[in-house]
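**Q** For reference, the structure I am asking about is given below.
Only the coordinates and a few stated rules stand behind these numbers; no lab work does. Nothing here was measured: the structure is a model prediction, and the numbers come from that model. Ideal geometry is used to build each Cβ from the backbone, glycine not excepted, and the neighbour counts take in all protein chains shown.
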Amino acid sequence: MSSLRLIVFGRQGAGKGTQAVRLADHYGIPHISTGDMLRAAAASGSDFGRQVKEIMDSGSLVSDEVMEGVVAERLAQPDAAAGFLLDGYPRTPGQAEYLQTLLAPDGVQAAINLEVPEDVVVDRITGRRVCSSCGATYALGRDESAVSGLCANCGGEVLQRPDDTEDAVRKRLALYAESTEPLLNWFRERDLLVDVDGVGDPDDIAAALVARIDERRSGAPGAGS
Ligand code: AMP
């Protein structure tokens, strides 16, 4: 079968990371996260890494031109020949145009949009508690440590991160919606967007994703919906 070229979108707390790893495993393709790549560059301390770190720390986006180089180089690696799952790119319609040109004549086969209603995401994130010593994560309503404030793993203090409060989360989600909606529309207009319900058991969601992607690859009727 031809190479599989996918993109995954999902607001924070939608389970995008979990599903991206599962999909990449299932299809044996690399999960390419531009955020991870840029963080690795920043940690390396190179000139490029220092410039990137400054931009990331300020909360801005790295320029489309710089990202073009990063993505073109990564997608040219041998492990991406059989396909890839891109996470964090494209982030602007300009990047989407570039990607389709880079991958011409075929382009990507599907852009997955993992949909989780805002209130569900807000509940998930505001119920998250993190150990200040070992970083273990707990959930209110599921883990005793989230209530007791005492880490079951190391005995450290379990707290809510300042950016996990409802106000902060809603602000981040509004920003995501503002910047991502035009991009989702870009793919929707080209019949490349695959909306998948991201609420429920992670195994069921993964199975639904695989079914939708396989349907598209085989060109089954209704696959464009
Ligand atoms: P992420 O982990 O995907 O949220 O990315 C972390 C940071 O890396 C972002 O806030 C941006 O500063 C930068 N970044 C990642 N991907 C891109 C991209 N496609 N275009 C521009 N900047 C990006």
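**Q** Just how large is the dipole of region 154-208 about the Cα centre, in debye to the nearest 20, putting +1 at every Lys and Arg Cβ and -1 at every Asp and Glu Cβ?
**A** With Lys and Arg at +1 and Asp and Glu at -1, about 280 debye.
**Q** With unit charges on the beta carbons (Lys and Arg positive, Asp and Glu negative) and the dipole taken about the Cα centre of the chain, which residue among 90, 134, 122 sits farthest to the positive side?
**A** Projecting each Cα onto the dipole axis, the largest value belongs to 134.
**Q** With θ set to phi - 60°, apply the Karplus curve 6.51 cos²θ - 1.76 cosθ + 1.60 along region 68-78 and write out the HN-Hα couplings as whole Hz, x wherever there is a Gly or Pro.
**A** 4, x, 4, 6, 4, 5, 5, 6, 7, 5, x
**Q** Only Lys, Arg, Asp and Glu count, each charged at its Cβ (+1, +1, -1, -1), so figure out the dipole size of region 119-225 about its Cα centre, rounded to 20 debye.
**A** Numbers: 13 positive and 20 negative charges, 55 e Å.
Approximately 260 debye in magnitude.
**Q** Another question, then. Given all pairs of different Cα atoms, what value in angstroms does the Kirkwood hydrodynamic radius of the chain take?
**A** Values: mean 1/r = 0.0524 Å⁻¹.
The Cα-based Kirkwood calculation yields 19.1 Å.
**Q** Okay, moving on. If you line up the long axis of helix 34-44 against the longest principal axis of the chain, both from Cα atoms, how many degrees apart are they, to the nearest 10?
**A** Roughly 70 degrees between the two axes.
**Q** What is the dipole size for the chain, taken about its Cα centre, with +1 at each Lys and Arg Cβ and -1 at each Asp and Glu Cβ, in debye to the nearest 20?
**A** On the way: 22 positive and 35 negative charges, 49 e Å.
Charge dipole, the chain, about its Cα centre: 240 debye, nearest 20.
**Q** For the chain, take the longest principal axis of its alpha carbons; what is the angle in degrees between that and the long axis of helix 166-189, to the nearest 10 within 0 to 90?
**A** 10 degrees
**Q** Next question, about the same structure. Positive end of the charge dipole of the chain (Lys, Arg +1 and Asp, Glu -1 on Cβ, about the Cα centre): tell me which of 112, 76, 15 has its Cα farthest that way.
**A** 76
**Q** Taking neighbour Cβ counts within 10 Å as the exposure measure, how do 164, 57, 87, 197 sort from fewest upward?
**A** Working: 164 19, 57 9, 87 23, 197 12.
The most exposed by this proxy come first: 57, 197, 164, 87.
**Q** Sticking with this structure for a sec: Using θ = phi - 60° and the Karplus form 6.51 cos²θ - 1.76 cosθ + 1.60, what ³J(HN,Hα) does each residue of region 93-100 get, whole Hz, x for Gly and Pro?
**A** x, x, 5, 5, 4, 4, 4, 5
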